[in-house]
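The values are calculated or read from the model by the stated rules, or taken from the named source; none is laboratory data. Values in this document were obtained by computation on a predicted structure and should not be read as measured data. Note that each Cβ is placed from the backbone with ideal geometry, even for glycine, and that neighbours are counted across all protein chains shown.
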Amino acid sequence: MGHSMCGHLLAAGYSMTVYNRTPQKAESLLEKGGLWAASPLEVAQQSDVVFSIVGFPSDVREVILGEQGVLAGLKPGKIVVDMTTSEPSLAIEIAELATSKGMGAIDAPVSGGDLGARNATLSIMVGGREDLVDAVVPCFQVMGSTIVRQGSSGAGQHAKMVNQTLVAAGMVGVCEALLYAYKAGLDLERVLESVGSGAAGSWSLTHLGPRIIGNQFDPGFFVEHFIKDIGIVLAESRKMGIALPGLALAGQLYQAVQAQGHAQKGTHALQLALASISGLDWLHRDDAV
């Protein structure tokens, strides 16, 4: 996702200094005019705004708060924007530290997956001081089609947790519905044609339903990252004193997906685990091509 988002900024004429823990992943960006840096610190030294998108909160902490992290190199008056789906409390911690050093920090997780990143149609959920957000909006508009400031620091992450709760429940419904359709002997593509345009329609059904039917489980969003997100939502819900039993169930189902060896597949690989629970081998079903 970060590769596509960075590419859109380059194409829009922004100068870009890039860093990736796997340097080969940045090669095409360098060919388009990006400059290489050896660390997040070096990126920050050469940038007015630093965008980061990594996997886990521990990665965010290293990339932004570490000895070679962004805040170690960012100049006063400059801004760091973390677009990772991470912990609201960590977003607040980063913002408070940045503010104490005369810098700005924004949390801006995204939704839309690999397709949204490639097509610049991401939904960007933003938390941070209004003046900082206003300064970065032109960059957001290059990467996404829906940019909404949710509130102060951490609010963007809380909004993403709402998003992930909806996605988790929806994915269970999509996978169970397709499993039912298969066992009922229906043509899965015809079923999608019928239900996708009605009240049952959803982004997951439209975009991931065909992938499930075609046994295409490459990740738009990793299962292991989704398990992380569900864990964050459940931890936050405990702090709030609210019960989210549906999400807790989805979390258990995704733990089963991971236990079956699919942690590096897309979230729609939930289909494989649900089929296995019913004694079915989805990948080798009789209607698969």
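Of all residues in region 15-42, which are of a type outside the set (Lys, Arg), closer than 28 Å to Glu224 by Cα and in a helix (DSSP H, G or I)? Those that are of a type outside the set (Lys, Arg), closer than 28 Å to Glu224 by Cα and in a helix (DSSP H, G or I): Pro23, Gln24, Ala26, Glu27, Ser28, Leu29, Pro40, Leu41. Checking each residue in region 229-247 for being out of contact with any helix residue (DSSP H, G or I) (no Cβ under 8 Å at 6 or more places or on another chain) and at negative phi picks out Ala235, Arg238, Lys239, Met240, Ile242, Pro245. Pairs linking a residue in region 217-228 that is in the same structural domain as Gln252 (by TED's automatic domain parsing) and of a type outside the set (S, T, N, Q) to a residue that is assigned to a strand (DSSP E or B) and buried (at least 18 other Cβ atoms within 10 Å of the Cβ), with Cβ atoms under 8 Å and 6 or more positions apart or on different chains, are Phe217/Gly266; Asp218/Gly266; Pro219/Gly266; Gly220/Gly266; Phe221/Gly266; Phe222/Gly266; Val223/Gly266. Selection of region 128-162 for residues being surrounded by fewer than 20 Cβ atoms within 10 Å (Cβ to Cβ) and in a loop (DSSP other than H, G, I, E, B) yields Arg129, Ser152. Number of residues in region 67-86 that are small (Gly, Ala, Ser) and either buried (at least 18 other Cβ atoms within 10 Å of the Cβ) or within 21 Å of the chain's Cα centre (by Cα) (or both): the value is 3. Only one of the listed residues (Ser237, Ser276) is surrounded by 14 or more Cβ atoms within 10 Å (Cβ to Cβ), under 24 Å from Lys183 (Cα atoms) and without any contact (Cβ under 8 Å) to a residue 60 or more places away in the chain. That residue is Ser276. For region 210-258, filtering for residues that are closer than 22 Å to Gln271 by Cβ, outside any helix (DSSP H, G or I) and of a type outside the set (Phe, Trp, Tyr) leaves 6. Residues that are surrounded by 14 or more Cβ atoms within 10 Å (Cβ to Cβ) and out of contact with any strand residue (DSSP E or B) (no Cβ under 8 Å at 6 or more places or on another chain) within region 28-54 comprise Ser39, Leu41, Gln45, Val54, listed in sequence order. Of the residues making up region 257-273, just one is crowded, with 16+ Cβ neighbours inside 10 Å and without any contact (Cβ under 8 Å) to a residue 24 or more places away in the chain, namely Ala273.
For region 87-102, how many residues are touching a Pro at 6+ places or on another chain (Cβ under 6 Å) and part of a loop (DSSP other than H, G, I, E, B)? Of the residues in region 87-102, 2 are touching a Pro at 6+ places or on another chain (Cβ under 6 Å) and part of a loop (DSSP other than H, G, I, E, B). Taking the conditions (1) out of contact with any helix residue (DSSP H, G or I) (no Cβ under 9 Å at 6 or more places or on another chain); (2) among the hydroxyl-bearing types (Ser, Thr, Tyr); (3) loosely packed, with under 14 Cβ neighbours inside 10 Å in turn, Thr99 satisfies each one other than (3).
Between Gly154, Gly209, Gly185, Gly173, the distinction of being touching a strand residue (DSSP E or B) at 6+ places or on another chain (Cβ under 8 Å) and either at pLDDT 95 or above or not assigned by TED's automatic domain parsing to the domain that holds Leu249 (or both) belongs to Gly154 only.
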